[in-house]
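For reference, the structure discussed in these notes is given below.
The values are calculated or read from the model by the stated rules, or taken from the named source; none is laboratory data. Note that the structure is a prediction, hence the values are computed from the model and not measured. Positions of Cβ are backbone-derived with ideal geometry, glycine not excepted, and every protein chain shown enters the neighbour counts. Quick note on the areas: whole protein, heavy atoms, side chains included, nothing else; ligands and nucleic acids left out. Shrake-Rupley method; radii C 1.70, N 1.55, O 1.52, S 1.80 Å.
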Amino acid sequence: MAPVGGKKAKRGILERLNSGEVVIGDGGFVFALEKRGYVKAGPWTPEAAVEHPEAVRQLHREFLRAGSNVMQTFTFYASEDKLENRGNYVAEKISGQKVNEAACDIARQVADEGDALVAGGVSQTPSYLSCKSEAEVKKVFQQQLEIFIKKNVDFLIAEYFEHVEEAVWAVETLKASGKPVAATMCIGPEGDLHGVSPGQCAVRLVKAGASIVGVNCHFDPTISLQTVKLMKEGLEAAGLKAHLMSQPLAYHTPDCNKQGFIDLPEFPFGLEPRVATRWDIQKYAREAYRLGVRARKEYWENLRIASGRPYNPSMSKPDAWGVTKGTAELMQQKEATTEQQLRELFEKQKFKSAQ
C-alpha cells in the first residue's frame, strides 16, 4: 500500500487492457533520434541513452505529452552481441549493461511525470541470425532481462522479430520474470521469413506465454492491420485469447515485399515523401478499433482527427470569428478574463466545431 500522501500505485498493463482502457505506446526512437543527429543510421543501436540522455529523455517526454501511456525503454538492438557486432564500439567502450540501465532510468523518470508505464524491450539478435543455439540466444535475452528486473520495469516487450522461433525464445525467457509479456513481429500478411503464417505466429507466441501479440515496424498502418487480422483469426481458430497490438510505420508502404520497408530504395534516407498524415493515422485508429486492437468504442468514436483542433490538418481553415474593432472579445480590461467570459468563448468554439 502506498504511504499516506504518497503517489497512487499505477495500474498494470493487463489491468488497463482488461478494463477496456486505451493504451498507446511510444516508439520510432531510432529514426527520430537519427534525424536529430544522435543516432547513426545503419547499426541503429541505442548508445544515445548514455551519450545523449537529454535527447532520449526529451523524446520520451514528447510522447508522454502527446498521449502515450507506455514509455518503452530505448533498448532496441541493445543486446550485448548487437553492441559488438561488425565493429560496433558500444559493447567495449560503454557496455550493454550501462546502455540498458540508462534507458530504464530515463524511461522511468518520464513515466513518473504522468500515469505512464515502463516497458523493457528486447529485439532480434545477431546470435540467432548467426545460427547459434537456443541456449546461446536465450542467454543474450537473459542478460537484458536481469537489468529490467533490477530496474523493476512494469512489463516486457519482445519486439521486432522476423522469425517466430526466435520470438518464442524471447517470450519464454521474459516470461520467467513473472511480469506480463507482449510480443510483436515485424512481418506482413505473408508471415515470417521462414514461411510461418501470421495466425500461426500468434498461436505460438501465446502458447509461449505472451499476453499481448501483434506487429510492429516494417509495414504501414493498412498492411499492419491486415496482418493483425490474420493473427486474430489464427488465435480464434485455436481457441486462444490475447490482447492485440499494432505499432505500424508512419510511412505508406503498399509496394513493399515480404521483408517490408527496409528493402525499399528510399530506405533509410528518402522516406519522407511516404510519411502518413495525422488524417491517415486517425483512419487507422478507427480501423484498429473495429478489429479489436486495444481500444474502447467511445474513445475512437470521439477522437478528433487531429487532437485539440476543430479541423483536421488536410482540411485546415482559420477560425474566422468575424471579430474586429469594438467587438466584446477584443475589448481591453484590467481584470483577468472571467469564468463567464471563458464559458461564452468555449461555447462559441464548440458551436463552430460542430458545424
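Quick notes on this structure:
- Residue count for segment 104-135, restricted to those that are among the small types (G, A, S) and crowded, with 22+ Cβ neighbours inside 10 Å: 7.
- Among the candidates K258, K241, the residue that is open to solvent by less than 70 Å² (accessible area, probe 1.4 Å), at pLDDT 50 or above, closer than 25 Å to A182 by Cβ and in a loop (DSSP other than H, G, I, E, B) is uniquely K258.
- Selection of segment 144-168 for residues being in contact with a Lys or Arg (Cβ under 6 Å, 6 or more places away or on another chain), surrounded by fewer than 24 Cβ atoms within 10 Å (Cβ to Cβ) and within 17 Å of K207 (Cα to Cα) yields only V168.
- Filtered residues of segment 12-24 (kept if buried (at least 17 other Cβ atoms within 10 Å of the Cβ) and assigned to a helix (DSSP H, G or I)): I13, R16, L17
- The one condition in (1) without any contact (Cβ under 8 Å) to a residue 24 or more places away in the chain; (2) not in a loop (DSSP other than H, G, I, E, B) that A182 fails to fulfil: (1)
- Any hit, segment 215-222, residues being free of Cβ contacts under 8 Å to residues at least 60 places away in the same chain, out of contact with any Phe, Trp or Tyr (no Cβ under 9 Å at 6 or more places or on another chain) and outside any loop (DSSP other than H, G, I, E, B): yes
- Test for F141: is it open to solvent by less than 20 Å² (accessible area, probe 1.4 Å), of a type in the set (F, W, Y), closer than 23 Å to T184 by Cβ and part of a loop (DSSP other than H, G, I, E, B): no
- Those helices (runs of 4 or more DSSP H) of segment 25-114 in which at least 1 residues are under 19 Å from the mean Cα position of the chain (by Cα), considering only elements entirely within it, cover 29-35, 48-51, 53-66, 96-111.
- Unique residue being more than 15 Å from V164 (Cβ to Cβ), small (G, A, S), open to solvent by less than 10 Å² (accessible area, probe 1.4 Å) and under 19 Å from the mean Cα position of the chain (by Cα) when the list is S224, S246, S211: S224
- If you go through segment 269-278 and pick out every residue that is in a loop (DSSP other than H, G, I, E, B), loosely packed, with under 15 Cβ neighbours inside 10 Å and either touching a strand residue (DSSP E or B) at 6+ places or on another chain (Cβ under 7 Å) or not aromatic (F, W, Y) (or both), you end up with 1.
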